1. So, in the stretch 198-245, how many residues would count as being over 25 Å from the mean Cα position of the chain (by Cα) and either surrounded by 19 or more Cβ atoms within 10 Å (Cβ to Cβ) or outside any strand (DSSP E or B) (or both)?
2. Any residue that is touching a helix residue (DSSP H, G or I) at 6+ places or on another chain (Cβ under 8 Å) and within 30 Å of residue 465 (Cβ to Cβ) - is there at least one of those in the stretch 75-87?
3. Would you say residue 104 is surrounded by fewer than 21 Cβ atoms within 10 Å (Cβ to Cβ), over 29 Å from residue 356 (Cβ atoms) and not assigned by TED's automatic domain parsing to the domain that holds residue 361?
4. Considering only the stretch 269-373, give the helices (runs of 4 or more DSSP H) lying wholly within it that have at least 2 residues that are under 28 Å from residue 111 (Cβ atoms).
5. Count, please, the residues in the stretch 464-477 that happen to be out of contact with any helix residue (DSSP H, G or I) (no Cβ under 7 Å at 6 or more places or on another chain) and crowded, with 19+ Cβ neighbours inside 10 Å.
6. If I go through the stretch 427-439 residue by residue, how many of them are modelled with pLDDT of 80 or more and either surrounded by fewer than 24 Cβ atoms within 10 Å (Cβ to Cβ) or assigned to a helix (DSSP H, G or I) (or both)?
7. Within the stretch 472-486, does at least one residue satisfy the condition of being in the same structural domain as residue 403 (by TED's automatic domain parsing), farther than 29 Å from residue 306 by Cα, in a loop (DSSP other than H, G, I, E, B) and at pLDDT 80 or above?
8. Can you work out which of the residues in the stretch 134-186 that are more than 28 Å from residue 97 (Cβ to Cβ) and touching a residue at least 60 places away in the same chain (Cβ under 8 Å) is surrounded by the fewest Cβ atoms within 10 Å (Cβ to Cβ)?
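The values are calculated or read from the model by the stated rules, or taken from the named source; none is laboratory data. Predicted model, so just to flag it, every value in this text is computed and none were measured. Here the Cβ positions follow ideal geometry from the backbone for every residue, glycine too, while neighbour counts run over all protein chains shown.
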């Protein structure tokens with residue numbers, strides 16, 4: 001989805017992978033809207049949670065915009081009888097959360113994408129436009145207020161993928177809760193497959209293999225588990241968190257879940273154009289179900305594709321955040337070419353796509369943002385949160401102020417992030433480019449851009465800020481281990497007394513973004 005005139009039309013087409021979801025309206029999950037008075041949050045702001053459910057062929061009936069001179073993601077152009085208006089959205093509302101994920105600090109295109117990949121159901125937390133402006137002017141922490149609205153002790157649901165063990169099977173017992181129709185309790189066998197997959201005793205079963213547990217009998221669930229040959233996937237939640245959702249009359253959706261244990265996660269790879277292109281062959285196929293699939297073919301050795309982590313045989317799901325399932329081969333190739341000197345590709349193995357299709361989920365709900373890397377370096381380290389250094393261990397953080405001049409092809413570095421976590425880092429530095437010559441190193445955390453702190457900004461906003469800076473750029477960076485130590489010990493990160501690195505030549509080899517015409 002590409003912004004046009006600062007407008008992103010939200011969800012024009014229903015995604016096929018999520019059509020299998022159905023929820024029981026008798027349970028109250030399609031409640032039009034919840035107001036602050038209903039949920040009794042510990043704040044004086046009128047936060048509202050709107051649960052949107054659309055049928056096949058419907059859109060969500062609103063547009064999401066960014067407007068000049070106004071902050072936030074703004075709800076506009078509500079259809080008079082549309083899903084959005086019926087669910088409680090109002091013109092001018094500011095969008096704070098999508099499926100319990102705070103989005104006010106994210107780039108506009110990324111927010112629109114998060115809504116788009118949800119299919120038929122999505123939960124939006126919004127705030128009246130005037131109240132939002134007043135809160136921002138007073139310096140209110142909107143993210144904290146959103147968290148408070150959920151109540152104490154709240155934890156998100158978790159998707160657990162259980163692989164059958166050779167000796168003990170799934171190691172799982174699912175028991176009906178006496179006196180509560182349609183509710184079931186998990187009882188994993190100690191040391192068994194379910195426990196190893198993260199299932200905890202007395203957690204509630206919300207969803208199993210694509211079906212809502214509330215719509216199944218205990219007998220049906222037992223048969224489903226027995227028919228599962230090698231594995232079963234469940235959505236579980238603790239009892240206190242379940243009460244939080246019930247209080248707010250919200251559905252518990254897989255899209256809200258922690259999916260760390262899922263066997264397949266799409267990867268968002270960031271590639272920088274080389275002198276001979278990206279070094280990858282793209283093929284179009286028609287799968288058995290009749291859907292178009294774009295498969296990544298031969299990857300040239302030493303090419304940007306190989307360095308970026310592209311694996312031969314994987315499917316291409318997105319180009320720069322835009323799904324490819326409805327695009328022709330020519331359209332996909334054109335969009336890659338139009339990206340200029342860098343492109344972001346979302347890929348995953350064919351068996352992963354098949355896995356999510358059977359579950360009725362879009363794999364794009366669970367993407368991992370992967371820094372550029374060589375294949376032998378793997379990705380586990382940058383994708384797992386670093387261990388916080390102990391306070392009693394003294395290290396010397398490598399703080400650098402790097403001054404860059406844009407070369408013929410840009411600044412010569414790429415930015416990355418860990419999805420759903422704050423912080424932007426240098427994911428790739430082009431050999432011989434301005435970035436490398438200025439002292440930037442792969443893995444450096446970006447603290448300031450031209451003197452402005454960006455630690456809490458999304459990677460999309462940092463990239464936009466870099467692009468706005470013209471031909472000169474100043475980056476305050478620190479090595480990852482040093483950054484964690486400084487944060488743990490409460491020490492400031494400033495450019496004071498940091499030696500400035502030399503300005504580089506203007507004939508850089510590569511870039512993180514296309515050159516400007518000026």
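1. The first filter runs over the stretch 198-245 and keeps only residues over 25 Å from the mean Cα position of the chain (by Cα), leaving 200-204, 213-231, 239-240, 243.
Subset that is either surrounded by 19 or more Cβ atoms within 10 Å (Cβ to Cβ) or outside any strand (DSSP E or B) (or both): 200-204, 213-230, 239-240, 243.
Number of matching residues: 26.
2. Looking for residues that are touching a helix residue (DSSP H, G or I) at 6+ places or on another chain (Cβ under 8 Å) and within 30 Å of residue 465 (Cβ to Cβ), one finds at least one in the stretch 75-87, hence yes.
3. No; evaluated as a whole, the condition is false for this residue.
4. Numbers: elements: 304-307, 329-338, 350-359.
So the answer is 329-338, 350-359.
5. 4
6. Residues meeting the conditions: 6.
7. Within the stretch 472-486 (the criterion being in the same structural domain as residue 403 (by TED's automatic domain parsing), farther than 29 Å from residue 306 by Cα, in a loop (DSSP other than H, G, I, E, B) and at pLDDT 80 or above), the answer is no, since none of the residues qualifies.
8. 163
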